[in-house]
Every structure is written in structure tokens, then in C-alpha cells.
1. For the subset of the stretch 223-241 comprising residues that are within 29 Å of residue 98 (Cα to Cα) and touching a residue at least 60 places away in the same chain (Cβ under 8 Å), which member is surrounded by the most Cβ atoms within 10 Å (Cβ to Cβ)?
2. Condition test on residue 93, is it in contact (Cβ under 8 Å) with a residue 12 or more places away in the chain, crowded, with 18+ Cβ neighbours inside 10 Å, small (Gly, Ala, Ser) and more than 17 Å from residue 80 (Cα to Cα)?
3. Any chance the stretch 202-219 includes a residue that's in a helix (DSSP H, G or I) and either within 12 Å of residue 182 (Cβ to Cβ) or modelled with pLDDT under 95 (or both)?
4. Here is a list: 2, 17. Which entry is modelled with pLDDT under 85, in a loop (DSSP other than H, G, I, E, B) and either closer than 13 Å to residue 60 by Cβ or not basic (Lys, Arg) (or both)?
5. Out of all the residues in the stretch 184-222, which are surrounded by 14 or more Cβ atoms within 10 Å (Cβ to Cβ), among the small types (Gly, Ala, Ser) and over 19 Å from residue 116 (Cβ atoms)?
6. Look at residue 66 and say whether it is farther than 27 Å from residue 210 by Cα, in a loop (DSSP other than H, G, I, E, B) and in contact (Cβ under 8 Å) with a residue 40 or more places away in the chain.
7. Please enumerate the residues belonging to the stretch 77-132 that are hydrophobic (A, V, I, L, M, F, W, C), over 17 Å from the mean Cα position of the chain (by Cα) and modelled with pLDDT of 95 or more.
Amino acid sequence: MSSQSVLGRAVTHELASDHELRLLETEPIEGPPGSQVMIGDLLQAGTLPAAVAGVEAVIHTAELPLTPPADDAAKLDWYTRGTYDLMMAAVEAGVKRFIYCGTLHLFDTYPEDTYITEYHEPFPPPCGERMWRYLGEITVREFVRDHAITGTSLRLGTLVAEDEASSDALDHSWLDPRDAARAVGAALARDSSDIHNWVRRWQIHHVCAKPPNPRFLIQPEIQQGFEHTFAAAWAARGVGE
């Protein structure tokens, strides 16, 4: 897991006190106390076995590096081949849990009055980040189908700090990064790697705050400990429970 994005920083902060972290970074950084920083990249498959050796779980934030690949073809390669190589390294190392951070924006083409659950079929555009992240999710799912590893996809909403959310741009998928990190922590507790039925090894969770008249069905267990409802932004537009 890299710590260089908004999500990565939030997850690192959330987990650092209770877990030993190994961060995969493209350049040297100073990680939190007790963490280990390794230099590598998803497209450098030779660096991945050492990155996952001896760990109990892998968290793939599925966000491009701060210096991303130069063109769309290379970005697609990062999401697909990169995720494949990371999953392969995890399976070969005997890792039992793999968490993938996807996106709720797979459903942007649905009518706004549609109430969306994990059973709805995603319709990402044929190219771009939403499709690339979806292909990464499918890569994880197919590994879970064939190997004794627990896979959890957290489809995250729009990441924004609650105190920075504008009532001029209300978003039913708002998610404070600190609550996104709590969802990752909750997913870490799940280990179904010894269950033969691969469907039970694989789970998808939609993750966002619960606004008035929500658009997404969010399972209560994934929202445990959430602290940010964006109530002030909604109330500023006259929308309440």
C-alpha cells in the first residue's frame, strides 16, 4: 500500500497504531513509526514478492502513482497487469486477505432516482479511470475464484473532507477519507480464505456516507464507526432527514 494519496494517508493514519505496515512507494519517504517502506511499482513485478512476503493482508488503494504513467495505454496496463502481478505475488506468498479500493462512480450512468445495491450491474464508460478500476476489481475477483484467498472490493464514493464539502455540489456518494479508512479497517477483519465456496470468499461493499434519501444501499457493518454525515452541507440546501 502506498501512503502518498489522500486515501493512502488516511488509511495509513487509521491503521498505524494497531498494525505493522509495509508501504510500497515509488520513491523514498518517511513512513509512520514502526512502518517499513519498500521501493517498487506495480509494473515492476520483480519487486512485488518482497513487498508482500510475510504479510497477512494486502491493501490495494488502486490509485495511480503521484507520477502516473504517461498515456492511457500505460495507465490501463498499470490497473490490469499491475493488479494481476500484485495478486499473483500475494497468492504465491500465502497472503489470506486482499482489499481492493474501487469506485462507486461505476454507476454514474444510472438515473439519479435509482436506488443502487451491490447487485446492480456496473456500466462504466468504455475507457478512462472508471473502466480501468473496474477491470482491476474483476482481476481480483478471478483470483479469488481460483485461489484460497479472501477478496474484498470496497467501492468508494467521492472522497472529500466533510468540512470542505460544498452545498453547491451535493453528492450522494460523498465519503470522508477518514471514514474510507475505517471501512478498510473493517474489511481487514474478514477472513474467509478457508471456505471452499469462492462466492463467500469474495465480497463487494459500496462505501459512502448516508445522506438524506440515500441513493446507495450501504451495509451497516461497513459503516460502523463512521463519523462524517455531511449533514451541514445538505441542510444548507434545505435537505434533511
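1. Narrowing the stretch 223-241 to residues within 29 Å of residue 98 (Cα to Cα): 223-229.
Keeping just the survivors that are touching a residue at least 60 places away in the same chain (Cβ under 8 Å) gives 228-229.
Working: 228: 19, 229: 17.
By that ranking, first place goes to 228.
2. Values: in contact (Cβ under 8 Å) with a residue 12 or more places away in the chain: yes; crowded, with 18+ Cβ neighbours inside 10 Å: no; small (Gly, Ala, Ser): yes; more than 17 Å from residue 80 (Cα to Cα): yes.
Taking the combined requirement at face value, the residue does not satisfy it.
3. In the first step, residues of the stretch 202-219 are kept if they are in a helix (DSSP H, G or I); the result is none.
Checked the stretch 202-219: no residue is in a helix (DSSP H, G or I) and either within 12 Å of residue 182 (Cβ to Cβ) or modelled with pLDDT under 95 (or both).
4. Numbers: 17 fails: modelled with pLDDT under 85.
The unique qualifying residue is 2.
5. If the condition is that a residue be surrounded by 14 or more Cβ atoms within 10 Å (Cβ to Cβ), among the small types (Gly, Ala, Ser) and over 19 Å from residue 116 (Cβ atoms), then 185, 186, 187, 192, 193 are the ones that fit.
6. Values: farther than 27 Å from residue 210 by Cα: yes; in a loop (DSSP other than H, G, I, E, B): yes; in contact (Cβ under 8 Å) with a residue 40 or more places away in the chain: yes.
In short, yes.
7. Filtering the stretch 77-132 for residues hydrophobic (A, V, I, L, M, F, W, C) gives 78, 86-91, 93, 95, 98-99, 101, 104, 106-107, 116, 123, 127, 131-132.
With over 17 Å from the mean Cα position of the chain (by Cα) added as a condition, the list becomes 88-89, 91, 93, 95, 116, 123, 127.
Listed by number, the residues that qualify are 88, 89, 91, 93, 95, 116.
The values are calculated or read from the model by the stated rules, or taken from the named source; none is laboratory data. A quick note: this is a predicted structure, and the numbers were derived from the prediction, not measured. Cβ: placed from backbone, ideal geometry, glycine included. Neighbour counts: every protein chain shown.
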